[in-house]
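First the structure, in the form of structure tokens, and then the observations on it.
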Amino acid sequence: MSDKPKRPHHVYTLLVEVGRKPGDGLPDGSSGAALMCYASGVDEEEAVRETVAILKQADMAVLEVSGYGSLEEREEEGHDIADDERALMARALDENSVVVAQTTVFREGDDREAGA
């Protein structure tokens, strides 16, 4: 048995882009989605690994993950973090889990790659 102290967990904000896969639960006619997630981990790499693993178990086709840092890092950068967002982050930390806070569905023909 190891007596090493447990490393503290933090909550990381991740944007996950998913494509289509049978059984993914996305609406008919959609080409994929972006999922805003809050994930607990000792570091961002662990939070990403756990998020990808959970989404794959849910039959989601993960294409790309972008990390926006921990709550502390976001605060240091001056991000405005609403109370409801903080509550979801606290839930992810308390449950040592991944919380999908928002889903934006992409439809065929969406012009998301081209700049505005």
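The values are calculated or read from the model by the stated rules, or taken from the named source; none is laboratory data. This is a predicted model, so every value here is computed, not measured. Here the Cβ positions follow ideal geometry from the backbone for every residue, glycine too, while neighbour counts run over all protein chains shown.
Here are the numbers for this structure:
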read-out	value
Residues satisfying the stated conditions in segment 65-101, i.e. buried (at least 17 other Cβ atoms within 10 Å of the Cβ), touching a residue at least 60 places away in the same chain (Cβ under 8 Å) and in a helix (DSSP H, G or I)	L71, R74, M89, A92, L93
Residue selected from segment 21-64 under the condition among the β-branched types (V, I, T) and not in a helix (DSSP H, G or I), by the criterion nearest to D94 (Cα to Cα)	V42
Segment 1-18 residues that are closer than 14 Å to T51 by Cβ and at pLDDT 95 or above, paired with ones that are in a strand (DSSP E or B) and among the β-branched types (V, I, T) (beta carbon under 8 Å, 6 or more apart)	L14/V65; L15/V65; V16/V62; V16/V65; E17/V62; E17/V65; V18/V62
Checklist (1) over 26 Å from K6 (Cβ atoms); (2) in contact with a Leu (Cβ under 7 Å, 6 or more places away or on another chain) applied to F106, failing item	(2)
